[in-house]
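To start, the structure itself, in structure tokens.
No lab work stands behind these numbers, since they all come straight from the coordinates. The shown structure was predicted, so the numbers you read here are calculated from the model rather than taken from an experiment. Cβ sites come from the backbone with ideal geometry, for glycine too, and all protein chains shown count toward neighbours.
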């Protein structure tokens, strides 16, 4: 049955044809319309952005009440924290006389700064929560079992990195709460056996307050300018970099192992 | 060694991987060393605390007067009792917060986890494992007290005495150290 096309439809078809034939379009959408199972899998395989997903997902893996999407939400919050964190870096200077005032300026003087800072703060709290719920889900569904043991270990390291990111971010407002929390937290490092100046066997290597592991952590004998810069660099550069690399591995491993089945 | 144990290939293999391991080890050690700064821009551990007569002597009914003028900048209290002057470092021996002096209760209390110290620095409640450290006090030729908190001062675990964790009051042999120069400045008005 021949369909009669209006001139508008004909023009539209012509435009679509030109676009579909365009090399730029073709180099982005390489497989064409994913009308078959093979093409749908090819979409996942040939796209840089989609390739972190498995080409096929079992129906059980899509059930919201199986995974609660906690890993995905954690990753979403990490992206949110990265974006808001980079924006915060435009106004924040990690220097003893500036840090607290910059934080206050971000809240009261920078356009939308209070939203930005609160997004960063609440996303950080949220990420700790969701990463723990994610771990509980993985535990309760037995998803840590073979062949996924290695990914469980990577996940535990990522949990620790999340906590370390929280801890280093705690000092940056340079307020009383963060200052003393980090004083207490880093003093715990001084109780490390052998390497901490208050730990057992500290005299074996002649470890004192000015050459122990805590000293390397905070760059001094007390929380000061060095500690602030170190917390800043760990928080903004080193730890996110390590976490990103491990996350790449974590997701790649999920893709290789597939979603775990229901109990 | 004979040829079977150390072939040419195995020798170069060992040398090659050995040099890579040595390089990585050296880089690791250098990176670790990098995190130990060679110079600190912290307040000096030694300061001039003025003349002993600047510090109020205990009145009738008092045993000791706690002077808080150096707390903010030096984290040190200077205490004057009937025999002389001694110092206490304002660093809680639990996890390093600064305790507060409560004159009405005659106690130091740490705001972080509730350790309580008496004016001799002995922990009488809370998680603190040992007494507050004591800085050295020396007199310069002009009669000023030079107070030194180097390595935070003398502490129980450096006194080489038997540690008792349940009863943390100073022992007699420890008192013989801490109530003598350089940790105590005999001074009577």
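Across segment B:29-142, the mean sequence separation of Cα contacts (distance under 8 Å, 6 or more residues apart), normalised by length, yields a relative contact order of 16 percent. With Cα atoms defining each centre, segment B:52-110 and segment A:42-77 are spaced 62 Å apart in the structure.
Here the Gaussian network model covers chain B, with springs between Cα atoms less than 10 Å apart; of B:114, B:61, B:38, B:38 fluctuates the most. In this simple spin-label model, placing a label point 7 Å from the Cα along the Cα-to-Cβ direction at both residue A:25 and residue B:13 gives a separation of 5.8 nm. For segment A:64-257, what does the alpha-carbon gyration tensor say about shape, rounded, prolate or oblate, given a ≥ b ≥ c as the root eigenvalues, a/c under 1.5 as rounded, and a/b over b/c as prolate? It is oblate, given that a/c is not under 1.5 and a/b is not larger than b/c.
Can you put A:7, A:67 in order of Cβ neighbours within 10 angstrom, beginning with the fewest?
With the fewest neighbours first, A:7, A:67 line up as A:7, A:67.
Per-residue Cβ neighbour counts within 10 Å put B:104, B:19, B:148 in the sequence B:104, B:19, B:148, beginning with the fewest. Largest GNM mean-square fluctuation among A:26, A:104, A:39, using chain A with Cα springs under 10 Å: A:26.
Expressed as a rounded percentage, what relative contact order does segment A:64-257 have, with Cα pairs under 8 Å and six or more residues apart?
Numbers: 196 pairs, mean separation 39.2, N = 194.
This gives 20 percent for segment A:64-257.
Going by alpha carbons, how many degrees (0 to 90, nearest 10) lie between the helix axis of B:8-34 and the longest principal axis of chain B? Approximately 20 degrees, to the nearest 10. Report the Cα centroid-to-centroid distance between segment A:211-263 and segment A:166-187 in angstrom, as an integer. Their Cα centres are 17 Å away from one another. Once the Cβ-Cβ distance of residue B:83 and residue B:107 is raised to the sixth power relative to R0 = 22 Å, the FRET efficiency obtained is 0.55. A crude spin-label estimate for the pair residue A:208 and residue B:72, with each label 7 Å from Cα along the Cβ direction, gives 3.1 nm. Annotation for residue A:146 and residue A:52: the two label points, set 7 Å from Cα along the Cα-Cβ direction, are 3.0 nm apart. Distance from a point 7 Å along Cα→Cβ of residue B:51 to each backbone N in segment B:106-138: keep the residues under 20 Å and list them by number. Output list for this probe position: B:137-138.
Shape call for segment A:115-208 from the C-alpha gyration tensor, a ≥ b ≥ c root eigenvalues: rounded (a/c under 1.5), prolate (a/b greater than b/c) or oblate?
The shape class here is oblate.
Assuming R0 = 25 Å, can you tell me the calculated FRET efficiency for the pair residue A:176 and residue A:129, based on Cβ-Cβ distance, to the nearest 0.05? Calculated transfer efficiency: 0.50.
Starting from the Cα gyration tensor of segment B:37-189, take the square roots of the eigenvalues, sort them a ≥ b ≥ c, and report rounded, prolate or oblate (rounded when a/c is under 1.5, otherwise prolate if a/b is larger than b/c, else oblate). Present the calculation step by step, with values, prior to reporting the outcome.
Values: a/c = 1.35, a/b = 1.14, b/c = 1.19.
Since a/c stays below 1.5, the shape of segment B:37-189 is classed as rounded.
With a Förster radius of 30 Å applied to the C-beta separation of residue A:59 and residue A:245, the computed FRET efficiency comes to 0.40.
With a cut-off of 8 Å between alpha carbons and a minimum separation of six or more residues, what is the relative contact order of segment A:44-146 in percent? Worked out over segment A:44-146, it gives 30 percent.
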